[in-house]
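Report on one structure; see the data block that follows.
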Amino acid sequence: MFIRDIFSKKNPVISFEVFPPKREFPIDVVYDTVEELRDLDPDFISVTYGAGGSSKDRTIEIASEIKNKYGIETLAHLTCYTSTRGETEFILKELKRNNVDNVLALRGDPPIGGFNGKSDYKYAKDLVSHIKAFDDFSIGVAAYPEGHIECDSLDKDIEYLKEKMCCGADFMITQLFFDNEKLYMYMDRLAKKGIDAPIMAGIMPVLNKNQIQKMVSLSGASLPRKFIRILEKYEHKPKALRKAGIAYATEQIIDLLSWGVDGIHLYTMNKPKVASEIMKNLSEVRDAVTEEKYMELDDKGAY
Ligand code: FAD
């Protein structure tokens with residue numbers, strides 16, 4: 001099923017992100033995670049591509065298993081920074097052959113030490129155009145509520161996001177953020193620029209201070225004062241920090257759902273127990289929002 005069609009039927013759309021294990025680990029470890037995530041009834045699970053040193057060539061295999069063995073819709077991430085069109089087409093054909101209909105089209109980060117090989121792409125929008133022309137996929141792209149770290153102005157970054165949408169993207173998933181107001185202001189700016197496709201809020205539960213420092217230095221996400229206080233107070237008390245991180249993510253999501261965001265994308269870090277605790281905290285809230293959406297669609301005669 002195309003993810004673009006899920007948005008027209010459901011609110012909130014809930015997705016989880018997993019990453020392929022590194023080559024030296026058996027691939028099966030990720031399936032234990034997927035099995036636990038399946039019980040949480042996600043609308044789809046996305047699989048990263050080479051992010052954080054994870055193995056690129058396992059993305060197709062894992063996405064395919066999620067779809068065909070576990071019966072869950074899936075979104076395969078794909079980067080283009082160091083790719084040729086031929087390499088992309090090979091992957092797209094493999095995805096289609098395995099019934100994977102959804103791709104998150106990304107540029108990727110420059111390789112450490114630079115890249116001297118051949119690339120046919122400069123920006124993610126070039127990949128979006130290529131996928132769109134090649135076959136029928138539902139295409140997602142990355143969006144940055146506080147601007148992409150390489151871009152010197154949020155307005156320019158939004159212009160470039162609009163280019164990605166105009167090239168054929170159907171929906172957006174945001175980079176992690178810890179201050180919901182940043183997302184609300186961002187969405188106002190997107191609306192003013194005529195970007196009205198569904199957007200999923202990317203939420204990362206914080207479980208340790210090192211993890212968050214790394215993420216913040218990579219993404220440039222700002223940290224609200226109440227979040228810093230939690231990090232500082234419990235940084236040497238792992239159990240307390242875990243609880244506080246889960247509570248913070250839960251509170252962030254409840255606020256986002258009350259505000260009416262289209263979907264929540266949980267960066268699970270392959271930790272299904274954390275995802276499970278968050279989803280348990282949310283269950284009545286998720287049901288209430290879903291019920292409201294069904295009634296709205298029913299009134300419009302969609303059912
Ligand atoms: P682009 O949209 O191409 O933007 C890259 C930079 O170029 C930005 O600064 C933008 O402002 C600028 N730009 C864009 N268009 C133009 C233009 N026409 N002229 C001038 N400047 C322009 N990385 C991975 O390696 N694997 C993953 O699986 C992965 N998954 C991700 C999932 C999500 C939800 C997110 C938010 C990010 C993910 N990333 C992943 C990280 C992503 O690859 C990096 O953030 C990367 O640096 C930018 O990718 P992009 O697709 O946003 O690039």
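Taking every protein chain into account, the 1.4 Å probe leaves M187 with about 40 Å² of accessible area, to the nearest ten. Measuring nothing but protein heavy atoms, the accessible surface of the range 179-243 at 1.4 Å probe radius is 54 percent carbon and sulfur.
Listed by chain and number, the aspartates and glutamates whose alpha-carbon sits under 12 Å from that of K118, ignoring those within fewer than 8 places in the same chain, are E87.
If only the Cβ of Lys and Arg carry +1 and only the Cβ of Asp and Glu carry -1, the dipole of the range 104-180 around its Cα centre is close to 260 debye. What the Cβ-Cβ distance of D5 and D32 gives, at R0 = 30 Å and to the nearest 0.05, is a FRET efficiency of 0.50. Applied to the range 244-252, the Karplus parametrisation 6.51 cos²θ - 1.76 cosθ + 1.60 on θ = phi - 60° returns per-residue 3J(HN,Hα) values of 5, x, 5, 5, 5, 5, 4, 5, 4 Hz, with x for Gly and Pro. Once the Cα-Cα distance is subtracted from the 0.36 nm per residue extended length, the V285 to N210 segment shows a gain of 23.9 nm.
With all protein chains in place and ligands, DNA and RNA left out, the 1.4 Å accessible area ranks E232, E277, E284 as E284, E232, E277, largest first.
Label sites at S153 and E292, each approximated as a point 7 angstrom past Cα along Cα to Cβ, lie 3.7 nm apart. Residues of the range 86-123 falling in the label zone of Y160, defined by backbone nitrogen less than 20 Å from a point 7 Å along Cα to beta-carbon, are 104-116, 119-123. Rolling a 1.4 Å probe over the protein heavy atoms leaves D135 with an accessible area of roughly 70 Å². With every protein chain in place and a 1.4 angstrom probe, the accessible-area ranking of F16, F25, F7, largest first, reads F25, F7, F16. The Rg/Rh ratio for the chain is 0.94, where Rg is the radius of gyration of the alpha carbons and Rh is the Kirkwood radius. Subtracting the Cα-Cα distance of D41 and E251 from 0.36 nm times their residue separation leaves 73.6 nm of extension gain.
The values are calculated or read from the model by the stated rules, or taken from the named source; none is laboratory data. Since we're looking at a predicted model, the values are computed, not measured. In this analysis, Cβ positions are derived from the backbone assuming ideal geometry, glycine residues included, and neighbour counts consider all displayed protein chains. Only protein heavy atoms, including side chains, enter the accessible area calculation; ligands, DNA and RNA are left aside. Shrake-Rupley method; radii C 1.70, N 1.55, O 1.52, S 1.80 Å.
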